[in-house]
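These notes are about the structure you will find just below.
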Amino acid sequence: MPDNTWKTSCHHMSTCALTGASAFFDAIPGSFMLINGPLWCYFYAMKYVEDYDASALRRFHCTQPEGNALVYGTEKDLLAGLDFVKANFTPDRIFILNNCSVSLVGDDIAGIAAKAELPCPVYAADCGGIAGDFAEGYEIALLRVIEEVKKRAKGNRDLAGFSEANPETAAEEKVSTDISPETVDAKPSVNLLGLSPTYFRGEEDIKEIRRILEMAGYRINAIPGGGSGWNEIMQLPKADLNLVLRDELALKAARELESEFGTPCLSTGMPYGIQGTLAWLEKINTVLPATNPETVRREAETVNARLQFRSSNMQSLWGPLWFDNILIAAPPSEAAGIAEAVRGEWADTGNLVIHFTEDTPLRPKAANKICVTGKDDAAMKETFENWTGGLVIGSSLETSRFVRLKKPFVNCNIVLPSYHEIIATDSPLCGIRGAAYLFERIWNAKLNSCMEEVK
């Protein structure tokens with residue numbers, strides 16, 4: 001992998017693929033992560049996940065291979081790790097995640113796991129930093145799970161054919177993934193792909209997206225990597241439509257599901273702002289009509305009227321919501337969606353710059369300048385050095401850099417890491433509730449700036 005990508009994934013805007021895979025698997029209830037690598041990789045991934053899931057420590061373990069394992073293999077250390085898990089835990093699935101160096105060894109993980117005689121399935125993935133950053137690790141994990149979905153579906157098809165000749169035997173052996181008619185309503189169903197609780201306000205965003213879609217009349221079939229259990233994930237082929245919320249995490253997986261099961265996919269991005277959320281829902285509704293979209297529209301209009309009223313009151317005291325410059329630094333779906341919402345619905349600026357943390361074809365019209373981490377680093381450096389003041393919407397990485405450069409700014413965190421504030425409420429960033437939350441935070445950033453000028 002290129003040196004600049006390595007630096008990005010381990011030190012700057014993102015984290016390594018091991019962390020992305022760990023975050024995905026941790027979000028499946030009953031999963032256990034066995035990090036096949038040194039303690040550094042284990043603590044790095046586990047601590048990242050633990051920031052949103054306080055129970056993560058109880059579902060992570062590390063093999064700590066000996067120094068000569070890179071020559072002779074990790075079988076001894078891996079078996080010891082699996083024995084520890086078997087003796088102390090009762091997971092539904094064990095996911096062995098090989099770090100960078102162990103990935104080069106080429107151990108037969110399945111063969112080694114078979115020797116451990118574990119009471120649950122064991123899966124392995126090579127997902128260290130060599131494989132890329134968080135997004136690529138998440139993608140590796142999601143595709144690995146989809147392989148299991150395909151195998152299960154194929155097994156059911158084979159058993160279905162077998163049952164014609166041996167109905168009694170097949171009835172005993174078949175592991176069904178069918179949903180009984182009594183448990184399914186007539187609502188159109190969707191899978192949500194590319195969501196993760198480990199993102200900033202990730203768990204709250206998942207709840208808001210689910211709330212809006214269910215209010216509109218959709219049934220949520222499964223959210224792999226976003227809280228769905230193993231049985232729900234096995235139902236992925238049952239949905240009418242796969243919604244891809246973050247292309248960098250799940251577009252490849254959605255296309256794999258479409259190729260295998262014929263389920264169409266729609267890349268929607270994340271819904272930000274009031275108008276942005278309604279446009280997002282309309283995009284889905286055009287492909288798969290909802291049964292009750294007007295309920296969402298009425299709520300959106302009510303909230304929007306309240307926000308506009310409060311904005312008018314504040315403008316009469318403090319002037320318009322204006323910033324000389326706005327910098328938005330975030331993954332593609334967040335950065336693009338929030339840029340359009342901020343400039344299109346609430347604030348105005350003379351210069352809006354986006355720093356995408358992942359390469360993307362997205363080019364939102366709200367931006368005056370767009371940079372991609374790892375490709376446009378020189379231009380990104382210019383953003384910081386030529387900054388004259390304004391609103392920073394990003395993470396502690398951006399704000400700490402402005403502090404070091406002694407540049408004036410006000411900030412609103414939207415992504416991790418976020419070291420200089422604590423948030424204990426359940427407000428999302430996206431959707432209708434998220435629009436009110438972002439509106440509040442951006443206005444308060446301006447007001448804090450005004451108060452500093454008064455002082």
Residues that are touching a residue at least 60 places away in the same chain (Cβ under 8 Å) and over 11 Å from Leu327 (Cα atoms), drawn from region 376-394: Asp377, Thr388
Go through region 69-106 and give me each residue that's under 20 Å from Thr19 (Cα atoms) and of a type in the set (D, E, K, R). Arg93
Selected residue (criterion: nearest to the chain's Cα centre (by Cα)) from residues of region 427-455 that are over 18 Å from Val296 (Cβ atoms) and among the charged types (D, E, K, R): Arg441
Among the numbered conditions (1) at pLDDT below 95; (2) surrounded by 15 or more Cβ atoms within 10 Å (Cβ to Cβ), tell me where Ala341 comes up short. (1)
Anything in region 395-421 that is in contact (Cβ under 8 Å) with a residue 60 or more places away in the chain, part of a helix (DSSP H, G or I) and of a type outside the set (Asp, Glu)? List them, or say none. Leu397
Evaluation of Ala305 against (1) at positive phi; (2) out of contact with any Cys (no Cβ under 9 Å at 6 or more places or on another chain); (3) of a type in the set (Gly, Ala, Ser) (one fails), failing number: (1)
Selection within region 29-63 - of a type outside the set (Gly, Ala, Ser), touching a residue at least 40 places away in the same chain (Cβ under 8 Å) and out of contact with any Lys or Arg (no Cβ under 7 Å at 6 or more places or on another chain): Pro29, Leu34, Ile35, Asn36, Pro38, Cys41, Tyr48, Val49, Asp51, Tyr52, Asp53
Exactly one of Ala279, Ala336, Ala329 is assigned to a helix (DSSP H, G or I) and crowded, with 24+ Cβ neighbours inside 10 Å, and that residue is Ala336
If Ala424 meets every condition in (1) among the hydrophobic types (A, V, I, L, M, F, W, C); (2) assigned to a strand (DSSP E or B); (3) surrounded by fewer than 19 Cβ atoms within 10 Å (Cβ to Cβ) apart from one, which number is that one? (2)
Test for Asn368: is it surrounded by fewer than 15 Cβ atoms within 10 Å (Cβ to Cβ) and in contact (Cβ under 8 Å) with a residue 12 or more places away in the chain: yes
Criterion first (more than 19 Å from Leu142 (Cβ to Cβ) and either surrounded by fewer than 17 Cβ atoms within 10 Å (Cβ to Cβ) or in contact with a Ser or Thr (Cβ under 9 Å, 6 or more places away or on another chain) (or both)) does Thr286 satisfy it? yes
Would it be correct to say that Glu358 is modelled with pLDDT under 95 and touching a helix residue (DSSP H, G or I) at 6+ places or on another chain (Cβ under 7 Å)? yes
Being surrounded by fewer than 18 Cβ atoms within 10 Å (Cβ to Cβ), over 20 Å from Thr198 (Cβ atoms), at pLDDT 95 or above and among the acidic types (Asp, Glu): is that true of Glu452 here? no
Has region 139-152 got any residue that is closer than 22 Å to Thr74 by Cβ, part of a helix (DSSP H, G or I), touching a Phe, Trp or Tyr at 6+ places or on another chain (Cβ under 8 Å) and modelled with pLDDT under 90? no
Within region 339-375, how many residues turn out to be assigned to a loop (DSSP other than H, G, I, E, B), of a type outside the set (Ser, Thr, Tyr) and within 25 Å of the chain's Cα centre (by Cα)? 11
Please list, ordered by first then second residue, the pairs with beta carbon atoms under 9 Å, 6 or more apart or interchain, first in region 199-215 and outside the structural domain of Pro289 (by TED's automatic domain parsing), second hydroxyl-bearing (Ser, Thr, Tyr). none
Counting only residues that are part of a helix (DSSP H, G or I) and touching a residue at least 60 places away in the same chain (Cβ under 8 Å), which one in region 87-108 is surrounded by the fewest Cβ atoms within 10 Å (Cβ to Cβ)? Ser101
Looking at region 112-138, which of the residues that are charged (D, E, K, R) and touching a strand residue (DSSP E or B) at 6+ places or on another chain (Cβ under 8 Å) is modelled with the highest pLDDT? Asp133
Restricted to region 171-210 and to residues being surrounded by fewer than 18 Cβ atoms within 10 Å (Cβ to Cβ), hydrophobic (A, V, I, L, M, F, W, C) and within 20 Å of Thr263 (Cα to Cα), the residue modelled with the lowest pLDDT is Ile179
How many residues are over 11 Å from Val149 (Cβ atoms) and hydrophobic (A, V, I, L, M, F, W, C) when one looks only at region 213-258? 14
Of all residues in region 212-234 being touching a Leu at 6+ places or on another chain (Cβ under 8 Å) and not in a helix (DSSP H, G or I), which is surrounded by the fewest Cβ atoms within 10 Å (Cβ to Cβ)? Ile220
Return yes or no: is Val244 crowded, with 21+ Cβ neighbours inside 10 Å and within 24 Å of Asp359 (Cβ to Cβ)? yes
If you go through region 309-326, how many residues are assigned to a loop (DSSP other than H, G, I, E, B) and either touching a Phe, Trp or Tyr at 6+ places or on another chain (Cβ under 8 Å) or of a type in the set (Asp, Glu) (or both)? 3
Of the residues in region 1-31, those that are surrounded by fewer than 24 Cβ atoms within 10 Å (Cβ to Cβ) and at pLDDT 90 or above come to Ile28, Pro29, Gly30, Ser31
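The values are calculated or read from the model by the stated rules, or taken from the named source; none is laboratory data. Please read these numbers as outputs of a predicted model, since none were measured by experiment. Cβ coordinates were reconstructed from backbone atoms using ideal geometry, including for glycine residues, and neighbour counts include every protein chain displayed.
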